[in-house]
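Data first, discussion second: the structure below is written as structure tokens.
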Amino acid sequence: MGLEPPVLAVENVFKRYQVSRGLLRPKRSLQAVRGVSLSVDKQRTLGIVGESGCGKSTLARMLLNLERPDEGDILLDGRSAGTVGRLDFSARVQPVFQDPYSTLNPRRTILETVMHPLRVHARGERNARETRAARLLDLVGLPRRAHHAHPNQLSGGQRQRVAIARALVLEPQVLICDEPTSALDVSIQAQILNLIQELQKEFGISIVFISHNLAVVEHLCDEVAVMYLGRVVENGPTADVMASPRHPYTKALLDSVLTPDVGLGLPDLQLGLEFPDPTNVPPGCAFHPRCPHREPVCSTEVPPACAQAGHGSECHFADRLAGAFAGPAAVCAGRG
Ligand SMILES: Nc1ncnc2c1ncn2[C@@H]1O[C@H](COP(=O)(O)OP(=O)(O)O)[C@@H](O)[C@H]1O
Ligand SMILES: [Mg+2]
């Protein structure tokens, strides 16, 4: 641990939305993110996992400074995002989203797409911009003959390569990848994951990698944070979390990646039909209605939050369960 602040951090961030339930009924408050603290260090990869709806993309938008938290702060190199300036922030923290088609302008050619951020940020002359964009497209493995194609002429995997080149062209410090392979064919997913990994080495960037698939995160991430209903319920070095989960929800996620069709959609967590509802967060531990190990205290008292450093779990019975859960590590190596 050095004395440098983490490259990017969120400190106790909250985000609520008011959602309509119909014309005449009062709006309800939806708690998308409920007090999350996370950080990513230089050249490291942080994974964020959890089921659909647990708040991952909301967190991603706050990490990208596209949305302000209701409470808490985003820190870039230790400085509050509010003091950094939008353009400067976006040059240093760039996104790769799930669906590359909707984020690529259909009217621009591939080369123009990758040159565009350089123009917005007034970097270099036109020739220099073109040379740099072409080099990035080479690095992500897009053939030169595709430079003047439009997004609709490319495959999903190729479009995601373009989105990655565009994200890297400004030499950001951090890449926020929000389910970057979830919309792709399973056969293409591994290529894109390998590409991200290679580019990280090449550019020395930090990555926040969001996925609903723990197997993908195991493959790629140094640390992992497991989210449930807007909170981090377990965090720590990926290898530790995989080998000895300390939260029943993580255990269920780990078991679910052994099902054959992980790439195809949501894992079946075998946790019953109690669906998590962010407009109606259960009291005590929010996971208790689905927890196979719950005790009376779980429905009345909020468990202590995860520590920021080391391996932590927001579960009243973390110590007891850790022993019971410990099993063979790397059950899912090579998947995803
Ligand atoms: N702009 C919004 N307005 C209202 N509700 C939202 C908005 N964005 C997200 N939500 C809700 O917040 C919760 C978390 O969503 P999201 O962050 O997209 O989760 P994830 O990416 O983990 O699937 C969901 O219940 C979603 O419906
Ligand atoms: Mg999402």
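What are the residues in the stretch 17-54 that are closer than 27 Å to Phe287 by Cβ and small (Gly, Ala, Ser), if any?
Of everything in the stretch 17-54, those that are closer than 27 Å to Phe287 by Cβ and small (Gly, Ala, Ser) turn out to be Ser29, Ala32, Gly35, Ser37, Ser39, Gly47, Gly50, Ser52, Gly53.
Just to be sure before I move on: is Val93 open to solvent by less than 40 Å² (accessible area, probe 1.4 Å), over 16 Å from the mean Cα position of the chain (by Cα), away from ligand 2 (no atom under 16 Å from the Cβ) and not assigned by TED's automatic domain parsing to the domain that holds Ile196 in the structure I sent?
Here the answer is no, as Val93 does not meet what is asked.
For Val120, all conditions in the list (1) surrounded by 20 or more Cβ atoms within 10 Å (Cβ to Cβ); (2) of a type in the set (A, V, I, L, M); (3) touching a helix residue (DSSP H, G or I) at 6+ places or on another chain (Cβ under 9 Å) hold save one; what is the number of the exception?
(1)
Which of the residues spanning the stretch 204-219 are at pLDDT below 95 and either within 16 Å of ligand 1 (Cβ to nearest atom) or within 14 Å of Val140 (Cβ to Cβ) (or both)?
Ser211, His212, Asn213, Leu214, Val216, Val217
Looking at Asp240, Asp222, Asp178, which one is open to solvent by 10 Å² or more (accessible area, probe 1.4 Å), of a type outside the set (Gly, Ala, Ser) and within 16 Å of ligand 1 (Cβ to nearest atom)?
Going through Asp240, Asp222, Asp178 in turn, just one is open to solvent by 10 Å² or more (accessible area, probe 1.4 Å), of a type outside the set (Gly, Ala, Ser) and within 16 Å of ligand 1 (Cβ to nearest atom): Asp178.
Any idea which residue in the stretch 248-261 is modelled with the lowest pLDDT, counting only those that are assigned to a helix (DSSP H, G or I) and open to solvent by less than 40 Å² (accessible area, probe 1.4 Å)?
My answer is Ser256.
Looking only at the stretch 46-78, filter to residues that are among the small types (Gly, Ala, Ser) and more than 13 Å from ligand 2 (Cβ to nearest atom); which one of those is least open to solvent (accessible area, probe 1.4 Å)?
The extreme case among them is Gly47.
The values are calculated or read from the model by the stated rules, or taken from the named source; none is laboratory data. If you're wondering where the values come from, they're calculated on a predicted model, not measured in any experiment. Reconstructed Cβ throughout: ideal geometry from the backbone, glycine too, with neighbour counts over all protein chains shown. Surface accessibility is based on the protein's heavy atoms, side chains included, excluding ligands, DNA and RNA. Shrake-Rupley method; radii C 1.70, N 1.55, O 1.52, S 1.80 Å.
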